[in-house]
Each structure stands twice: as C-alpha cells, then as structure tokens.
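The values are calculated or read from the model by the stated rules, or taken from the named source; none is laboratory data. Given the structure is predicted, the values throughout are model-derived calculations rather than measurements. Neighbour counts run over all protein chains shown; Cβ positions are idealised from the backbone, glycine included.
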Amino acid sequence: MRSSLVAVALAAGLTLGASSWSNAEAKPTSAKPAVDPDAIAALQKMGAFLREQQKFSVRASVTTDDLLASGQKVQFGGTIELMVRRPDRLRADVRGDRRDERIYYDGKTFTMFGEKVGYYASFPAPATLAELKDVTEKRYGIDLPLADLFYWGTEHDGSSDITAATKVGVSTIEGTACDHYAFRQKDVDWELWIEQGPHALPRKMVITTTSEKSRPQHGMVLDWDLNPKLADDLFTFVPPAQAHKIEFDTAAGRSASSHQ
Amino acid sequence: MNRIMHKFKLGGLMFAAFLAAAGLAPSAANAVVVVRRSVNYHPVARAAVVTTAAVGTAVVVGSVVRSLPPACSSVMVGNVAYQQCGHTWYQPRYSGSEVSYVVVSPPR
C-alpha cells in the first residue's frame, strides 16, 4: 500500500516535472524564431566596434583539427599576431606547427615573408587597407588574417546565410565577461564569445565543420590591445641578408598551372 | 613527416564561417580532398590541388608541389632562387600565403 502511494506520488511528480519542463521549453521556442535577431544584432555591433578602431593589435591562440590519412583526428596549434593602423598599415605574424608567415603592408608595398624557408615576395600595393583586401584575395589568393571579423554589419556580412542564431549564456574568457552565441549555417556550426559592455570585442571563437563525419573544429582565443604603440618600421619589410626574393603566383597563374 | 589528409572544407580554416557568410568561402561543390602540408587560417579548398613531391619518380616540368623531397640544395642562378633536388629543379613561389614549388627545366 505504502509503496504504491509512493509510486503514484512519484508518477505525479514526474508528470508535473515533465510538464513544467515542456512549458519552460515551449515558451521561448514558440516566441523566438530560429535566428534570434538579438544574436545577429550582437554580431553587427561587434563589427561596427571593430571598424571604429583606428589602431589595434590582437593576438590569437589558434587550434586546428586535421585528419591523418588513417582518418584519425589530430590537433595543431599556433598564434597570429595582427597589428593594424588605419588606413594604410598592417602587419601579421603567423606562427604555428605548420605555419610561418610574416605579412607587411605600409601603404606602398605588400610583402609575404617565410622566415623558415627564407623566401619573400612583394607587390606594389594599393594605398588603403580596404583596397588591399580586394587585391590580395582576388588577384593573389591571400586571405588577410582575421579580416572577416570586420565585415559584420556591412553589406558583405552574409548574415542571410545563418539558419540559426541564439545566445547560449554568459561566460568568462581569460577573465573577461562575455556573451556566448551559437550560430548555424550550411556545413558549419560556430560559436562566438563577445565581450560584454561597450567594448564589443570577439574574445573566443569555435568553428565546427558539421559536413564531415569527424566534425573537426577550429578554435581561437583572442587577446586585444586597443591602444598599442605601433612604430612605422613594424610595417615595412627589410629583407634579411640571407632571404631570397621569389614571385607571387597570381590567381590566374595558379589555376593555369594546375591544368598543365 | 606526416602526410595529412586535409579532408574537410572549412574546419581547418580560420573564420571559415565568416567567409562562408561573406560569400567568400568555396562552395561545397568545389571543395576537394587535398593533401596539404599546412593549413591556412582561411579556406583553402579553392587553392590548387598540390601534392607532396614523390621521391624516386619522374617529375613533370610544370607540376607543382607543396613540399620538396629530401636532400635539396638552395641554388641561385642569375638572380633567381631555385631548389635543386638531384636532377630535378624547382622554382619556389608564393601560392596564396604558402610557398609552393614548380618543377622547371634545369636552368644550367
């Protein structure tokens, strides 16, 4: 008798519990669309804040999954240091298990230098960073590090590709309080941690490739300095004595050579 | 030296999602399986498909490799940098942000 009462009470409790859970879940999902406009607005606010910065440096600690030929997933790491002085200076140092590049742009010349291989290549560059980006990507197939963070809130941000966007919660990244957002689009899930308050900086990012069975991830933690000292000579490449100049393969040249 | 199968389109790539969002990333259709020695901070599937140089096989002039076979020496001919690996000569160049090597006719 006693045990059956307990069973009834438990069942009732469970039922109550279940219904209150489903109520709790039903309300927000029915009220909010898959793409929460507040999450998109947070991206755009971040982009606008980044574009306001006339000079900054940022250090990214990066991890990247890759697959061995056996299919086993392994992780590689590295750092990117990016220094920018608008409108016409950029320097990037990329170091990693499998990366080694320095990028110099001083408003006149763009140079890519691989310290380990001892080669560098240059081209006469357009006068502003905005123009430079177009040339590096379209003509030379070079993607400037982190450049895409700065798109959000412009007509190039492609927010229409996002099929789901939501705020996950609050999180502390390296001591900084952040809002944690999750986004989905075709083949890719990604998460972004944006600093709370007036400095809407991206502090962490994780990209998961969902179209691959192993679901490899690419992640980074970003450390920003919005008032760096950036001397002119940081941005101008002076070739070391032992370095050799080579040429860039232009995008057109590259596709032609792959067909030979 | 590990040979890495870079089998995924976007995962190895910094801010791939942003790129994809910006319409800059390669579409799924042109994503390819490439053997890569290094990973870009950025999507790369649009880069030419290149392979690690095979050792002991004839190498066709004009073919492109991402890394050299062992035991090469850096040689300057005129003002041009080459890598000489046995009887095969390579000319280094930047393809995107990585150095690749084109097999060339011996310059001397």
message: Take B:T57 and tell me if it is more than 11 Å from B:V103 (Cβ to Cβ), at pLDDT below 85 and surrounded by 13 or more Cβ atoms within 10 Å (Cβ to Cβ).
response: no
query: Taking only pairs six or more apart or across chains, which ones have beta-carbon atoms under 7 Å, a first residue in region A:54-77 that is farther than 14 Å from A:R215 by Cα, and a second residue that is basic (K, R) and outside any strand (DSSP E or B)?
result: A:Q54/A:R86; A:K55/A:R86; A:A69/B:R3; A:F76/A:R98
- line: Residue pairs qualifying under the 7 Å Cβ cut-off, at least six apart or on distinct chains, with the first in region A:233-252 being hydroxyl-bearing (S, T, Y) and the second being crowded, with 16+ Cβ neighbours inside 10 Å, are A:T236/A:Y104; A:T236/A:D106; A:T250/A:Y140
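May I ask you to list the residues in region A:82-95 that are in contact with a Ser or Thr (Cβ under 7 Å, 6 or more places away or on another chain) and closer than 14 Å to A:M220 by Cβ?
Passing the criteria: A:L82, A:R95.
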- prompt: Which residue, of A:T154, A:T136, is outside any strand (DSSP E or B) and modelled with pLDDT of 90 or more?
  reply: A:T136
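Yes or no, residue by residue, for (1) at the interface with another protein chain (Cβ under 8 Å from one of its Cβ atoms); (2) farther than 26 Å from A:K229 by Cβ; (3) among the β-branched types (V, I, T):
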| residue | (1), (2), (3) |
| --- | --- |
| A:K116 | no, yes, no |
| A:A125 | no, no, no |
| A:L149 | yes, no, no |
| A:A164 | no, yes, no |
| A:K167 | no, yes, no |
message: Quick check on region B:69-94: of everything there that is of a type in the set (A, V, I, L, M, F, W, C) and surrounded by fewer than 17 Cβ atoms within 10 Å (Cβ to Cβ), which residue is nearest to A:I142 (Cα to Cα)?
response: B:V80
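Within region A:84-124, take every residue that is of a type in the set (V, I, T) and assigned to a strand (DSSP E or B) and give me the one that is surrounded by the fewest Cβ atoms within 10 Å (Cβ to Cβ).
In this case the residue turns out to be A:T109.
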query: A:T154 passes all but one of (1) within 8 Å of another protein chain (Cβ to nearest Cβ); (2) under 17 Å from the mean Cα position of the chain (by Cα); (3) not small (G, A, S); which number fails?
result: (1)
task: For residues that are in contact with a Lys or Arg (Cβ under 9 Å, 6 or more places away or on another chain) and farther than 30 Å from A:V74 by Cα, scanning just region A:197-228, find the one that is farthest from the other protein chains (Cβ to nearest Cβ).
output: A:N227
message: I'd like to verify a number: residues in region A:94-153 that are free of Cβ contacts under 8 Å to residues at least 60 places away in the same chain and among the aromatic types (F, W, Y), how many?
response: 1
message: Tell me yes or no: at least one residue of region A:141-158 is over 26 Å from A:W193 (Cβ atoms) and surrounded by 14 or more Cβ atoms within 10 Å (Cβ to Cβ).
response: yes
- request: State which residue is surrounded by the fewest Cβ atoms within 10 Å (Cβ to Cβ) when the search covers only region A:166-202 and only residues that are farther than 22 Å from A:A48 by Cβ and of a type in the set (D, E).
  value: A:E174
- request: Could you please let me know if A:D143 is in contact with a His (Cβ under 9 Å, 6 or more places away or on another chain), of a type outside the set (K, R) and assigned to a strand (DSSP E or B)?
  value: no
query: Going by the structure shown, is A:D223 charged (D, E, K, R), surrounded by fewer than 17 Cβ atoms within 10 Å (Cβ to Cβ) and part of a helix (DSSP H, G or I)?
result: no
